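Please treat every number below as a calculation from the coordinates, not as lab data. In this text, all values refer to a predicted model and were calculated from it rather than measured experimentally. For neighbour counting, all protein chains shown are included, and Cβ atoms are generated from backbone atoms with ideal geometry for every residue, glycine included.
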Amino acid sequence: MDTSITGFRGRLVTPDDSLYDEARRPFNGQVWRRPALIAQCARVDDVIAALAFARENALEVAVRSGGHSVSGWSGTDGGLVIDLCLMAQIHVDPNDQTAWIGPGARAGEVVSRAATFGLAPVTGVTRSVGLGGLLTGLGEGYLTPRFGYGTDNVLAFELVTADGDVLHVSADSHADLFWGMRGAGANFGVVTAMKLRLHPSPPQAMGGAITFAEPDLLAASRHVWKIMRDGSPDYCPIATYYRTEDGPLRLTVLPGHVGPAADATLAMDELRTCADSISDDIRSMSYTELITGPDDNGVQGVRQTWDLYRLDFDGNPEQQIAFLLEQAKNLIPGSHFVMWRTVPVDPPSPPSVAPRLPGISVNIQTLWHDEAGDAEHLQWLNDMAVAFQSSGIAQEGSNAVNHIAGCDAHRVESLYGKENYERLMALKATYDPTNFFRRNYNVPPAR
Ligand SMILES: Cc1cc2nc3c(=O)[nH]c(=O)nc-3n(C[C@H](O)[C@H](O)[C@H](O)COP(=O)(O)OP(=O)(O)OC[C@H]3O[C@@H](n4cnc5c(N)ncnc54)[C@H](O)[C@@H]3O)c2cc1C
């Protein structure tokens, strides 16, 4: 196949290129793919040209911004990757507190840039995640309890469809598509720019971590549950159960408090005194430092798989804690239960498809280094999923878009709910009737 693309001014990477392995490297080392061609686009016209090339050569297309899809959707075997890593521009308008960004911009870069104007975007908590993937899904982070999902704060998308049309999608233009893009956006085309609403940057943040062990896990868990359900919107802790190398169970809490210093100090006092801890390096820092500190060091490229469940705030906390502590006995080295509060604020106006059921999100994940570990870890995740699904205590996580590896049509339908799923299928039939964009949590076009 001749891999030159007429009019393309970005960088084309083929399997013979020395950059090929680096360019196709996913965050999750378990989902390496071998595309026939990687088109690193530098501008909208490159995206249009690359899509035309894929259509002419009947190549499957995968769209990549930051490469963090745990499912490996942003890679393809034998197809064409439209890679937006070069389209990472960030233009902040401090007067109307917005920013236009390219999809290849990483969360940490946008947080750092906005902070120079005293402003902050709603992103996830991990600096290296690409905003193309994060904001076409949901995007949950420390600012979510106060300002909503990341996608609630997208004011406009620039989108290239499979036919190469450029659409400006907002509340005033293609409003039907704007509803679906905020939560299921990867289904409709290639996002080439986004306009974000920014907020005043938090005055300070509480970072670091505190760790609890037996016999204090029950008391610490009860406190964590209380914060998750009743904590202030400035308080968004991430709590993780895991086992150490030699076996004992631990609970580590990253406080993630982004409110005023006096409130934060009080909240940290309560966290520190809820049970005896075995280590504690909680400290005050800037919000930028909280997001841009070390995150993926050591796990970039490691093999991993994820699934996500929800514990409703209406459920019985004692039963929920007992269930998780019981299941935690089955944690294997490298595996975790990572929990955060999903407390979506009122639907954005106009509303979006993003699911809004509140509760404690429990991300079941396991990481390992060698292919030899695949069978054990994939089986572990499967067994854990069965235990959660059959528990009567946990529900399938409706906010799981972005947080599950692999997803059949039934699960995608359950993520959005039947009515929204049917509305998405109708949108798909209008904007991508051939299901050209299918490497995503896929919604098929209505027939
Ligand atoms: C270490 C780690 C930490 C994470 N932390 C958080 C967190 O704190 N909060 C949170 O909400 N999520 C988090 N996530 C999940 C993350 O939001 C998703 O994996 C997200 O999809 C990654 O976006 P990306 O651009 O990096 O990924 P990619 O792999 O590039 O893309 C992911 C999906 O989005 C599609 N896509 C990407 N760019 C575009 C585009 N421009 N136009 C159309 N479709 C596109 C891709 O085709 C693919 O289906 C984390 C993931 C990892 C691996």
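Under the Karplus relation 6.51 cos²θ - 1.76 cosθ + 1.60, θ = phi - 60°, what is the ordered set of whole-Hz ³J(HN,Hα) values for segment 408-425, x standing for Gly and Pro?
Once θ is set to phi - 60°, the couplings for segment 408-425 become 7, 4, 4, 5, 4, 4, 5, 5, 9, x, 4, 5, 5, 4, 5, 5, 5, 4 Hz.
If you place +1 on the Cβ of every Lys and Arg, -1 on the Cβ of every Asp and Glu, and leave all else neutral, what size is the dipole of the chain about its Cα centre, to the nearest 20 Debye?
Around 560 debye, computed over the chain.
Quote to one decimal, in nm, the extra length available between residue 408 and residue 372 on full extension: 0.36 nm per residue of separation minus the C-alpha distance between them.
Gain in length upon complete extension: 10.4 nm.
Taking residue 226 as the anchor, which lysines have their alpha carbon closer than 25 Å to its alpha carbon, excluding any fewer than eight residues away along the same chain?
329
Give me the dipole magnitude in Debye, nearest 20, for segment 1-63 about the Cα centre, with unit charges on the beta carbon: positive for Lys and Arg, negative for Asp and Glu.
It works out to roughly 200 debye.
When all C-alpha to C-alpha distances in segment 157-254 are sorted into bins of 10 Å, what percent of pairs does each bin hold, rounded to whole numbers?
In whole percents, the pair-distance histogram is 12, 27, 16, 22, 18, 5, 0.
Remind me, what semi-axes does segment 285-383 give for its equivalent ellipsoid, largest first in whole Å, using sqrt of 5 times each Cα gyration tensor eigenvalue?
Taking √(5λ) for each Cα gyration eigenvalue gives 27, 21, 14 Å.
P(r) tail for segment 3-51, what percent of Cα pairs lie past 18 Å?
Roughly 35 percent, once rounded to a whole number.
Quick check: convex hull of the Cα atoms in segment 1-154, volume per residue, rounded to a whole Å³?
Each residue corresponds to 117 Å³ of Cα convex hull volume.
Using 0.36 nm per residue of separation minus the Cα-Cα distance, give me the extension gain between residue 1 and residue 322 in nm, one decimal.
109.7 nm
Which one of 306, 252, 240 has its Cα pushed farthest toward the positive end of the charge dipole of segment 225-330, where Lys and Arg give +1 and Asp and Glu give -1 at the Cβ?
With unit charges placed on the Cβ atoms, the residue in question is 306.
May I have the extent of the alpha carbons of segment 33-86 along their three principal axes, as whole Å values ordered from largest to smallest?
The Cα atoms of segment 33-86 stretch 28, 23, 12 Å along their principal axes.
Give the residue list of trypsin sites (Lys or Arg not before Pro) in segment 35-98 that are DSSP loop and have at most 16 other beta-carbon atoms within 10 angstrom.
Hits after loop and neighbour filter: 43.
Based on other C-beta atoms within 10 Å, arrange 257, 223, 91 from fewest to most.
Lowest count first: 91, 223, 257.
Would you please state the base-10 log of I(q)/I(0) at q = 0.20, 0.26 1/Å for segment 129-175, with intensities from the Debye formula using one equal scatterer on every alpha carbon?
Result of the Debye calculation: -0.73, -0.98.
Which of rounded, prolate or oblate describes segment 221-363 when judged by the alpha-carbon gyration tensor and an a/c cut-off of 1.5?
Since a/c stays below 1.5, the shape of segment 221-363 is classed as rounded.
Choose one of 62, 15, 72: the residue whose Cα lies farthest towards the positive end of the charge dipole of segment 1-72 (beta-carbon charges +1 Lys, Arg; -1 Asp, Glu; about the Cα centre).
72
Of 364, 392, 198, which is farthest on the positive side of the dipole of the chain, counting Cα position, with +1 on Lys and Arg Cβ, -1 on Asp and Glu Cβ, and the Cα centre as origin?
Farthest towards the positive end: 198.
Starting from the exponent 0.38 and prefactor 2.2 Å, build the expected Rg for segment 81-222 from its residue count and divide its actual Cα Rg by it.
Expressed relative to 2.2 N^0.38 Å, the Cα Rg reads 1.19.
Which distance in Å, rounded to a whole number, links the C-alpha centroids of segment 223-288 and segment 107-141?
Going from one Cα centre to the other spans 22 Å.
What does the chain give for Rg and for Dmax, in Å, if only its C-alpha atoms count?
21.5, 66
Among 272-282, 144-154, 226-236, how do they line up by average Cβ neighbours within 10 Å per residue, starting with the highest?
Output ranking for 272-282, 144-154, 226-236: 144-154, 226-236, 272-282.
What spacing in nm lies between the two simple spin-label points modelled at residue 289 and residue 249, each 7 Å away from Cα in the Cβ direction?
Using points 7 Å along Cα→Cβ, the separation is 3.4 nm.
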